[in-house]
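Enquirer: Can you keep this structure in mind? I'll have questions shortly.
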Amino acid sequence: MELNLKRKDWNIMCAHVQAQSPLEACGLLAGKNNWVEKVLLIENQARSQVRFRMNPKEQLDAFHWIESNQLDLIGIFHSHPAGPETVSATDLEEVTYAVPQIVWSRLKGKWIARGFWIEDKQVSEVELKVVDS
Ligand SMILES: [Zn+2]
């Protein structure tokens, strides 16, 4: 499984997780056929360094936007400013939508993103392909 995104959208997410750090940041990825066409930034209402809870109003607005633009929800992203690089035990418990989960973490001070597919508490890697355009 893979998820394709443009450098521009990768940068939007990266800037957001950086701006929110040390709090976790979160958002939704909309698109078609594993291609991200829009990054929707959502407030982390939990305002926590170790978990996220999407602001329900913003999340609903985002879902409406996705629907009215004939796109699909194809991913959810959030950050782990203090690690781990993979999905956490909390993430496994709280996964709510059957879409790839993108986790941002810092490796030697630089933000990196990895994709994961979670099913029945089993985790497999989703390849993120960033395309320059
Ligand atoms: Zn997490």
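The values are calculated or read from the model by the stated rules, or taken from the named source; none is laboratory data. Owing to the predicted nature of the structure, the values given are computational and were not obtained by experimental measurement. Don't worry about glycine lacking a Cβ; one is built from the backbone with ideal geometry, like all the others, and counts go over all protein chains shown. When the accessible area is computed, the model is the full protein with side chains, heavy atoms only, and any ligands, DNA or RNA have been set aside. Shrake-Rupley method; radii C 1.70, N 1.55, O 1.52, S 1.80 Å.
Enquirer: Once you sort the root eigenvalues of the Cα gyration tensor of the chain as a ≥ b ≥ c, which label holds: rounded (a/c under 1.5), prolate (a/b larger than b/c) or oblate (the other case)? Intermediate results must be reported in sequence, preceding the final value.
Expert: Numbers: a/c = 1.23, a/b = 1.16, b/c = 1.07.
Rounded is the answer for the chain, as its axis ratio a/c remains below 1.5.
Enquirer: If you restrict to DSSP beta bridges whose two residues both lie in the chain, what percentage is antiparallel, to the nearest 5? Write down the numbers at each step before the final one.
Expert: Details: 26 of 37 bridges.
Expressed as a percentage, antiparallel bridges in the chain total about 70.
Enquirer: Can you list the trypsin sites (Lys or Arg not before Pro) in region 2-52 that are in a DSSP coil and have 13 or fewer other beta carbons within 10 angstrom? Could the numbers behind the result be given before it?
Expert: Values: sites: Lys6, Arg7, Lys8, Lys32, Lys38, Arg47, Arg51; in loops: Arg47, Arg51.
Here the trypsin sites (Lys or Arg not before Pro) that fit, given the DSSP loop and packing criteria, are Arg47.
Enquirer: Taking H placed 1.01 Å from N in the peptide plane, check which residues at least 5 places from Lys38 or on another chain put their amide H under 5 Å from its amide H.
Expert: Ala30
Enquirer: Hey, can you find the accessible area per residue of the chain for me, probe 1.4 Å, expressed in square angstrom? Write out the running numbers ahead of the final one.
Expert: On the way: 7270 Å² over 133 residues.
In whole numbers, the chain has 55 Å² accessible per residue.
Enquirer: Still on this model: What part of the accessible area of the chain, given as a whole %, is carbon or sulfur when the probe is 1.4 angstrom? Write out the running numbers ahead of the final one.
Expert: Values: 3640 of 7270 Å².
The C+S portion of the solvent-accessible surface of the chain is 50 percent.
Enquirer: Region 86-133 to region 28-68: how many Å between their Cα centroids?
Expert: 15 Å
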